[in-house]
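Working notes, beginning with the structure itself.
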Amino acid sequence: MSRFLKRRQETLPADVTVLAERVIDAGYKVTEPRLSVLEAATAHGGAFTAADLERWLAENERSPGEASIFRTLKLFTDIGLMQRIHGVDECHRYTLTSGHAHRVVCTVCGRLVEFVDCGIEQLATKLEQATGFAIQGHLLEFFGRCPACRTAAMSGV
């Protein structure tokens with residue numbers, strides 16, 4: 001654990017400290033802007049946009065700036081701390097991840113439902129054998145219309 005993180009540890013939620021240690025384990029420094037993004041992401045829960053984080057940070061009188069937020073989200077996505085969800089409205093959302101995620105996304109309202117047991121483990125094993133990669137996680141997304149949007153479309157709303 002870095003000296004910076006040790007000094008801040010008492011003021012941070014435990015889940016933020018654990019995530020910050022993962023940043024260090026990936027070979028990166030933990031900075032104030034990165035901690036702020038981690039705090040905002042854990043406070044938000046579920047899927048969030050960069051604008052959601054920016055709003056939360058502004059409300060809590062901490063804003064590293066839009067560019068820092070986007071750079072931090074990219075870094076966290078690159079190191080596997082977060083996953084980027086492809087938004088139907090050209091606006092990506094993010095979620096904290098364990099490296100294994102499955103979801104169905106409504107193409108109309110953007111509603112997101114996560115599910116378990118994707119049955120993809122055999123494919124991952126075959127991919128490892130064929131490519132030599134050590135698969136660390138995956139993201140499986142399906143797109144369609146949720147029940148509410150299908151009902152609204154049928155009723156002409």
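The values are calculated or read from the model by the stated rules, or taken from the named source; none is laboratory data. Keep in mind it's a predicted model, so treat the numbers as computed, not measured. Positions of Cβ are backbone-derived with ideal geometry, glycine not excepted, and every protein chain shown enters the neighbour counts.
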**Verdict on Leu19 being in contact with an Asp or Glu (Cβ under 9 Å, 6 or more places away or on another chain) and either in a helix (DSSP H, G or I) or outside the structural domain of Leu75 (by TED's automatic domain parsing) (or both)** = no
**Message:** I'm trying to understand the selection: among the residues of region 44-62, which are surrounded by fewer than 16 Cβ atoms within 10 Å (Cβ to Cβ), among the aliphatic types (A, V, I, L, M) and more than 17 Å from Ile85 (Cα to Cα)?
**Reply:** Ala58
**Prompt:** For region 132-152, which residues satisfy the criterion of being among the small types (Gly, Ala, Ser) and in a strand (DSSP E or B)?
**Reply:** Gly144
**Request:** Can you tell me which residue within region 6-30, out of those that are of a type outside the set (A, V, I, L, M) and closer than 16 Å to Asp78 by Cβ, is surrounded by the fewest Cβ atoms within 10 Å (Cβ to Cβ)?
**Result:** Gly27
